[in-house]
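Report on the following structure.
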Amino acid sequence: MNRSHRSAANRARNPQQKSTRRRSALGITLVVLVAIIAAWWLVTEVVTDWLWFRRLSFQQVFTTRMITAVALFLASAVLMAVVCAVTMAIAWRRRPDKPAPLESDVLDHYRQALARRTRLVIALPSIVIGVIAGAVATTHVDDVLLFINRTPFGQRDAYFNKDVSFYTFTLPFLQFVLGMVLATLIVGTIVAAIVHLITGSLHASPVRFRGPLPGTPGGEPPRVEVHNPFGMAAQVHLSIMFGLILVVYGVQQLFARYEFAISDNDTLFTGIGYTDDHARITARLIVAIIAFICAAMFFANARLRAWRVPGTAIILMVVSSLLIQGIYPAVIQRFDVRPSEPDRERPYIQNQIAATRQAYDIDDVSITDYSAKTDVSQGQLKSDAEALPAIRLMDPAIIAPTFEQLQQVRGFYTFPNVLDVDRYEIDGKKTDTVVAAREIDINGLPDQSWNNIHTVYTHGFGMVASYGSRAQANGEPEWIEWDIPPQGKLNEQQPRIYFGEKQNQYVIAGNVEGADPVELDTPGGNTAGGEQHSTYTGTGGVPIGNPITRAMYATKFGDMNLLLSGRVNQNSQILYNRTPQERVKAVAPWLTVDQDPYPAVVDGRIVWIADAYTSTANYPNSQHINMQDTISDSASSWRQGTDTKQVNYVRNSVKAVVDAYDGSVKLYAWDTSDPILKTWEKAFPGVLTDKSQASPELLSHLRYPQDLFKVQRQILGRYHMTDPGNWYNQSDLWVVPADPRDKSGKAEPPYYLSIKWPGDAAPVFSQTAVYVPNKRENMGAYMSVVADTSNPDYGKIRVLRLSDTQQVPGPNQTYNAISSDQSVADHLLPFVGQGGSGSADALYGNLLTLPLGDGLIYIEPIYTQRKDSSAGSYPVLRFVVARYGTHIGIGTTLQEALDTVFGGNSGASTGENAQPGQAGATQQVPATGEEAVKANLQAANDAFSAADKALKAGDLATYQSQMQVAQAKVSEAMAAAGG
């Protein structure tokens, strides 16, 4: 028979062998294919990230973290794999010479596999376990970098007398190392025990029955024999492993004593309390000693081979742990501490108050007792005249639809739901402004094709800004910067916005030389009035002209169009991670970014300014807070999410600036005294820019951060009490009131505005907030921080503590009084009471609180918005309400409202001289002299005329308003004549 005939015969005789070979080949092919795909995906992620970081000149951050992660992975993986392999090899080498037959077929299968392919069976699971351990270890990159580059705080905790850096940098690293070593030993012990079980050196059950099986009728009763389940090899090997585990566990318990300084116990406060000091810390030490004794017994058992001794020791350790770590502290807490808690905890509360105030940087807050007046008199605001023109009437949370309707231009542009407050120098004077960037919103595109989303509608265009303290005659914002192309006073030389808060999708920008531009630039910007297109020339994207790079990004984003589209060419760039928060978090993952980046025009370019924080939850004895819960209020629900993490130390250590056109990121080291920032500077040298390099124009737009102020506001509500007894009793607890306008009960947000602090010579751009006493609604305290970075007192927190003997109305009481006031209702009646197509809603703006006239005055703008045409309606400023004590005044201007409150003459001018029916017209009037008399009499005459017309028309609200204006102007004329 020839060879071909023999092969055919063999195939016919062995069809099963042929099928097995095919399945084996298919399996190998699938494994190789999966390996190639996984390798491509891994290479794609690494390379694209490297290209992105290099484009931003932050490649050092990428390489340092990558090298650290790889080193951690290798060290942990090798440690785990080697320990597993060595313990398994030892167990196999020490197997019995004549192993007993196994009762389990599965164990017998593994014994045969071990005998045939010993190295493979040991190496494969060891490698897999090692890879898992290495992957877990890479999550501790920050712990390692902080430990290596740690910087002393120069402050010591009150109990262990260790530098704070031990808790923030060293202890987390030691916890990681000890945890990894303990896990390695435990896993090594488990795999060794499995091998001993397979080889017969360790028996699955130490109980054997002789005679009839239990439950079998007749015969002799069964005899139960208990045998030592450990063979000699297993006993020696596992005894040593158990001993090593207990040694590491004991060391863990020694370091765990320090964790009480940063843990929450019994919910009273964070840090060491009486029970910790007198029971729990000592208990950890005792458990550590017992663990070392038990370890010694296990080591001895390697020779003695008497399991009763170490077994008894383990039982003793478990029972002792329950008694001295669980029951005994609970008894101390319940029967000794709780009945006398204020006295027992007093010294610990004192330490905790001091540490918390230091950690949140409120230890030097200036608190002044303030006897706020509530009665009014003419001319009461004379000494505060300079502050009045700066009072902000434009509410960023109300007028966003107004910006949208009047400055959106096209449906594919958008503004944020809550605008931002900034300040610009306009006509030589710093002015509070409301600003917003006009960004692209792909949801507004009529055709949401791939080309439109990713290659045409690539960028927004221009900043929009309005005065914060005044409006046009019709109640609309008075613009400082408006339209496309931008017009106004902000000097926008590069108005294109490729990077912004709304830019969540990647775009392809750039084109070959000489090709027609495809990116929509302005919807009506050329001479013919049609669309104008442009080509991106910045450096904010990664070049993808290389086919391999393009394929990697197609893989990264799962989008084949990057390979197929003809609009992707050799000059194309891919722009992604386009929101300011994403970019800052990516280049500095060790920072927590403020939830509210804001746009500004700096040196002719639009930039995003984002405050960033260094924080830790390991500051000893400082109170923990949840960052997300603390900064949440009625104005923050729309913001991008902030890290939901526990912290008990925070500093505004970095001011980040992201260019809206080229996406470049600069991190200015702001709080250079912060040890955490110093540590990260060591880890990433050259990444931070000294704040002295910031341009004067940029400095003029930096401000005190909002999230930090909210955190400090929350902490100060209780920690302004430095006496432990008062702190414990919460006798003077301040709480943040609910926003009067928000039905959900969310906290009132802090406000940016310029205020004149009692005793100061001039108003200062500040961030303000109010407190009410716990479970009360009257005013408890008024808080502000100097927010202007150019001011020498920048960051200074000041508080006015109101008297307990004379109540001043709080925000909710004031809102209720305003909304139910008859005069306010009469003024609003012509707008909100008509019904039908002309009816409108009254929208109450932010209720601002200012320290004026030796008291506290509330200012609230009221807007109206039509009901019948929701698609095109928007709020306009209609009235301004002022309240001082129990006195309420309303007018079409702030001046009218103040004059009404203070008997017809507030004593100061807001810079407004509104004609009848106008809100926000501006005209400077002299305070005294013949010109002042003439001007005021003319204004009074105009008001009388307007009142007469209103009366004839049956408009009683306007009649009453204009009569109040006329009377106020007559009073001003008389005062000017007397002056």
What spacing in nm lies between the two simple spin-label points modelled at residue 429 and residue 535, each 7 Å away from Cα in the Cβ direction? 4.8 nm
Restraint check, 556/746; 382/429; 678/796; 489/969; 429/585, Cα-Cα greater than 31 Å: 556/746; 489/969; 429/585
Under the helix-only model (-39500 (n - 2.57) for each DSSP H run of 4 or more, divided by the residues of the chain), the mean residue ellipticity at 222 nm, to 500 deg cm²/dmol, is -13000 deg cm²/dmol
extent check for the range 439-580: Cα max minus min per principal axis, descending, whole Å, gives 59, 32, 29
Can you tell which of 69, 590, 265 lies farthest toward the positive end of the dipole of the chain, using +1 and -1 charges on the Cβ of basic and acidic side chains (Lys, Arg; Asp, Glu)? 69
Net charge of Cβ neighbours under 12 Å - reference residue 678; Lys, Arg +1; Asp, Glu -1: 0
Relative contact order for the range 768-912: what is it in percent, counting Cα pairs under 8 Å that are at least 6 residues apart? 13 percent
Give the percent of DSSP beta bridges with both residues in the chain that are antiparallel, rounded to the nearest 5. 90 percent
Principal axis lengths of the chain from Cα atoms, whole Å, largest first? 123, 87, 63
Computed FRET efficiency, Cβ-Cβ of residue 350 and residue 673, R0 22 Å: what is it to the nearest 0.05? 0.30
Got a sec? How would 429, 682 order by Cβ neighbour count within 10 Å, fewest to most? 429, 682
Hey, with R₀ at 35 Å, roughly what FRET efficiency would residue 160 and residue 689 work out to, going by the Cβ-Cβ distance, to 0.05? 0.40
Beta carbons within 10 angstrom, averaged per residue: use that to sort the peptides 84-91, 24-31, 821-828, highest first. 84-91, 821-828, 24-31
Could you compute the FRET efficiency for residue 445 and residue 30, with r as their C-beta to C-beta distance and R0 at 45 Å, rounded to 0.05? 0.60
Cβ charges +1 (Lys, Arg) and -1 (Asp, Glu), total dipole of the chain, debye: 6880 debye
Give me the compactness ratio for the range 479-560, meaning the Cα radius of gyration over 2.2 N^0.38 Å. 1.37
In what sequence do 433, 539 fall when counting other Cβ within 10 Å, fewest first? 539, 433
How high is the relative contact order of the chain, in percent, counting Cα pairs under 8 Å that sit 6 or more residues apart? 11 percent
On a full-extension model of 0.36 nm per residue, what is the gain between residue 331 and residue 306, subtracting their alpha-carbon distance, rounded to one decimal in nm? 5.3 nm
Using only the alpha carbons of the range 230-371, what is the convex hull's orientation-averaged projected area in square nanometres? 11.4 nm²
Expressed as cubic angstrom per residue, what is the convex hull volume of the alpha carbon set of the range 654-760? 235 Å³
Starting from the Cα of residue 409, step 7 Å along the direction of its Cβ; do the same at residue 322; then give the gap between the two resulting points in nm. 7.4 nm
Order 382-388, 234-240 from most to least packed using the mean count of other Cβ atoms within 10 Å. 234-240, 382-388
Could you tell me how far the Cα centroid of the range 314-377 sits from the Cα centroid of the range 473-498, in Å? 53 Å
Scaled to the compact-protein estimate 2.2 N^0.38 Å, what is the alpha-carbon radius of gyration of the range 128-170, rounded to two decimal places? 1.59
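Values quoted throughout were computed directly from the atomic coordinates according to the rules given, and no laboratory measurement underlies them. These numbers come from a predicted model, not from an experiment. Positions of Cβ are backbone-derived with ideal geometry, glycine not excepted, and every protein chain shown enters the neighbour counts.
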